[in-house]
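Peer 1: Would you mind keeping the following structure in view while I ask a few things?
The values are calculated or read from the model by the stated rules, or taken from the named source; none is laboratory data. Because the structure is predicted, anything quoted here is derived from the model rather than measured. Positions of Cβ are generated from backbone atoms using ideal geometry, with glycine treated the same way; all protein chains shown enter the neighbour counts. The area values use the complete protein model at the heavy-atom level, side chains included, leaving out ligands, DNA and RNA. Shrake-Rupley method; radii C 1.70, N 1.55, O 1.52, S 1.80 Å.
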Amino acid sequence: MSRSWKKSPRWFGGQMEQKRERERFRSNFAKPEIDNKPPRIFLHPHVQLRKIQMEQERLAVIEKDNRRLMEKIAHIMRTGGEVDNWNNSPSISLKSSRRNREIVRITVENQAIHKRIQDSKPNYDNKKREDEWKGTRKHLQHLSSYHTLAKDKPSGLISSSYIADTSRSQNSP
């Protein structure tokens, strides 16, 4: 087999031939280059150190508060849980004296009104009220289909139950 066809033309001055030889030499020693490794993993997008630090600080505060609460609970269990928030100082209102004077004034006025009411004479006449009641009874007897007994109701207003009672007692044999 002839290698004449592989030779480069003369006008290139053998440069093509030298280039081919170099490529052939390199290809004999070449190894397969397939990258089948997983891609590199960078930790900074996945591990957020600031977030982890803040979480640790938060947990430290929680642990501190829990410890303090446990100490308080233990103290309460030991001592019996007495209340320690009593306010023994009297509360002094700035308007208490004025309020007391107002209460005294109102009390005095109420007593004076009460005395005037008790001392006043009634302005109605019992005799006149009894005469009016007798007249009302007469009118009731004339208006009712059944004659009522001549009972005298104690002084006061006429109730419908009283009228019904008197008419029932008249109807019963």
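Peer 1: Modelled with pLDDT of 85 or more and surrounded by fewer than 10 Cβ atoms within 10 Å (Cβ to Cβ): does that describe residue 20?
Peer 2: Criteria not met by residue 20.
Peer 1: Oh, and also: Output the number of residues of the range 70-118 satisfying the condition of being under 32 Å from the mean Cα position of the chain (by Cα) and charged (D, E, K, R).
Peer 2: Qualifying residue count, the range 70-118: 4.
Peer 1: Now for a separate question. For residue 95, only one of the following conditions fails: (1) open to solvent by 100 Å² or more (accessible area, probe 1.4 Å); (2) in contact with a helix residue (DSSP H, G or I) (Cβ under 9 Å, 6 or more places away or on another chain). What is its number?
Peer 2: (2)
Here's the yes/no breakdown for (1) acidic (Asp, Glu); (2) touching a strand residue (DSSP E or B) at 6+ places or on another chain (Cβ under 8 Å); (3) open to solvent by 100 Å² or more (accessible area, probe 1.4 Å):
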residue: 36; (1), (2), (3): no, no, yes
residue: 40; (1), (2), (3): no, no, yes
residue: 46; (1), (2), (3): no, no, yes
residue: 49; (1), (2), (3): no, no, yes
residue: 65; (1), (2), (3): yes, no, no
residue: 78; (1), (2), (3): no, no, yes
residue: 91; (1), (2), (3): no, no, yes
residue: 99; (1), (2), (3): no, no, yes
residue: 108; (1), (2), (3): no, no, no
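Peer 1: Do we find that residue 91 is polar (S, T, N, Q), out of contact with any Leu (no Cβ under 9 Å at 6 or more places or on another chain) and assigned to a helix (DSSP H, G or I) in this structure?
Peer 2: Here the answer is no, as residue 91 does not meet what is asked.
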